[in-house]
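Written out below as structure tokens is the structure these notes cover.
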Amino acid sequence: MEILSIILVSILSGILTYLISNNLKKGPVFASAIVTLVSGIFLPHFFGEFGTSLMVVAACSSYAGMVAVKNIPNIWEMIIVSTITAMLFILASSAYLGVGGRLGTIAALSCFTWIGFKKFVYATNLNVKNTLKYKSVGIWS
Amino acid sequence: MKITRSKLNIIVCTVLGVTITYFLNHHMGYGAIISSGLVGVFSALLLPAPLAGATYTASFVGMSSQLIIPNVFFALTGGLIVGIIIIGTTQIYAGIGGKGGTTAAMASLITRALTGLFS
């Protein structure tokens, strides 16, 4: 149940940041900061001790939501990125505790994971394979 | 590297961003998330976009615990380091969510190394 809550809060936070930033045209800094601030005030108030973890995951996901439209063009992809963020957050919960920027690094890894996956799918598509500039890594060829 | 007025503005904003977030976080007891959010909201409202981004990135360094950044003077150093990194990496991975956090993590780890040298 706790894992599900973390994933849900992450998705909500990511979507809200993405919408405020791109649809309302408020910019990524304001969008992420307002989502972080509101989650930091309200989540611990309503969910107590567990709310502190939810607040941190909401902040983490809001950093991922700062992504540009050219990289994540629609909200469905943002949901996937937010889900990856939540899973990475759970897996890396004990890594680099207390280091500022840890949450942003998790967010960046999530974005890179999804963008890399999209590029992989694009590159393995037979229709576009012959149009690619680089066809091998160039070690033996 | 040529020092220009815009680069100096970025350094001033990052030093202020880290110091204010650190002060709100540890000295006033607001906690890391609320402190960073407050600095981010005010920077987005008061500053132009590039400076707001730099200040918000710097606020992530200010979220560090006192084991990483033990006092305000090291927070000032952290602000200087993150400012230099931001200026050097402006074009790299622009538009990727979490770029600022990764920059801040690098600055925090460098600051921690400096803390280990001087304390």
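Quick one: compute the contact order of region A:1-123, relative version, from alpha carbon pairs under 8 angstrom and 6+ residues apart, as a percent. Intermediate values should be presented prior to the final figure.
Details: 155 pairs, mean separation 35.9, N = 123.
Relative contact order of region A:1-123: 29 percent.
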Among B:HIS27, A:ALA92, B:ALA54, flag the residue with its Cα farthest along the positive direction of the charge dipole of the protein assembly as shown, charges on Cβ as +1 for Lys/Arg and -1 for Asp/Glu.
B:ALA54
Per-residue HN-Hα couplings for region A:38-43, Karplus 6.51 cos²θ - 1.76 cosθ + 1.60 at θ = phi - 60°, whole Hz, x for Gly and Pro?
5, 5, x, 7, 8, 5
Each residue of region B:51-58 in order: what ³J(HN,Hα) in whole Hz does its phi give by Karplus 6.51 cos²θ - 1.76 cosθ + 1.60, θ = phi - 60°, with x for Gly and Pro?
6, 5, x, 5, 5, 5, 4, 5
Which order do the peptides A:1-7, A:97-103 come out in when sorted by mean C-beta neighbours inside 10 angstrom, highest first?
A:97-103, A:1-7
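Where a ≥ b ≥ c are the square roots of the eigenvalues of the C-alpha gyration tensor, would you call chain B rounded, which needs a/c under 1.5, or, failing that, prolate if a/b is larger than b/c, or oblate?
Oblate shape, in that a/c is at least 1.5 and b/c is the bigger or equal ratio.
Taking every residue in B:36-48, how many Cβ atoms of other protein chains lie within 10 Å of its Cβ, on average?
5
Do any of A:LYS70/A:LYS118; A:LYS25/A:LYS119; B:LYS2/B:LYS99; A:LYS26/B:LYS7 go past 20 Å between their Cα atoms, and which?
Numbers: A:LYS70/A:LYS118 13 Å; A:LYS25/A:LYS119 27 Å; B:LYS2/B:LYS99 24 Å; A:LYS26/B:LYS7 24 Å.
Result: A:LYS25/A:LYS119; B:LYS2/B:LYS99; A:LYS26/B:LYS7 exceed 20 Å.
Among rounded, prolate and oblate, which fits chain A when a ≥ b ≥ c are the square roots of the eigenvalues of its C-alpha gyration tensor, a/c under 1.5 means rounded, and a/b larger than b/c means prolate? Working shown, then result.
Working: a/c = 2.54, a/b = 1.84, b/c = 1.38.
Prolate, because a/c is 1.5 or more and a/b exceeds b/c.
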Among A:SER13, A:SER32, A:SER94, residue whose mean-square fluctuation peaks in a GNM of chain A (springs only between Cα atoms under 10 Å)
A:SER94
The protein assembly as shown, helix-only ellipticity at 222 nm - DSSP H runs n ≥ 4, -39,500 (n - 2.57), divided by all residues, nearest 500
-23500 deg cm²/dmol
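Throughout, read-outs are computed from the coordinates displayed, never taken from laboratory work. Everything quoted here is computed from the prediction, not taken from an experiment. So basically every Cβ, Gly included, is an ideal-geometry build from the backbone, and we count neighbours across all protein chains shown.
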